[in-house]
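Visitor: First the structure, which I've put down as structure tokens, then a few questions once you've had a look.
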Amino acid sequence: MSLLSDNGMPLDKIALLVGHSGTQVTEKVYRQQIRPVIQDGAQAMDLIFPNHN
């Protein structure tokens, strides 16, 4: 759901999508930013498996 938030979907619409009656739980649980974690993981994999082309 953080990807939806990152791309501009309003929090109230995300809450409706996941079945929450309000936005409080949505904000605490689903709106965590995962992009930095994905980028860190991709960089680590690039170091482990360098491109040999």
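The values are calculated or read from the model by the stated rules, or taken from the named source; none is laboratory data. Only a predicted model underlies this, so the values are computations on that prediction, with no experimental measurement involved. When we count neighbours, we look across all protein chains shown, and the Cβ atoms used for this are built from the backbone with ideal geometry, even at glycine.
Visitor: Are there any pairs with C-beta distances below 7 angstrom linking a residue in the range 14-27 that is free of Cβ contacts under 8 Å to residues at least 12 places away in the same chain to a residue that is of a type in the set (A, V, I, L, M, F, W, C), with the two at least 6 apart or on different chains, and if so which?
Guide: Listed by first residue and then by second, the contacts come to 22/15.
Visitor: Still on this structure, I have one more. Within the set of pairs 6+ apart or on separate chains, which have a first residue in the range 1-12 that is among the hydroxyl-bearing types (Ser, Thr, Tyr), a second that is assigned to a helix (DSSP H, G or I), and C-beta atoms under 7 Å apart?
Guide: Final answer for the pair search is 2/30; 5/11; 5/14.
Here is a yes/no grid of residues against (1) modelled with pLDDT of 90 or more; (2) surrounded by 12 or more Cβ atoms within 10 Å (Cβ to Cβ):
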{"position": "6", "(1), (2)": "no, yes"}
{"position": "22", "(1), (2)": "yes, no"}
{"position": "25", "(1), (2)": "no, yes"}
{"position": "33", "(1), (2)": "no, no"}
{"position": "41", "(1), (2)": "no, no"}
{"position": "45", "(1), (2)": "no, no"}
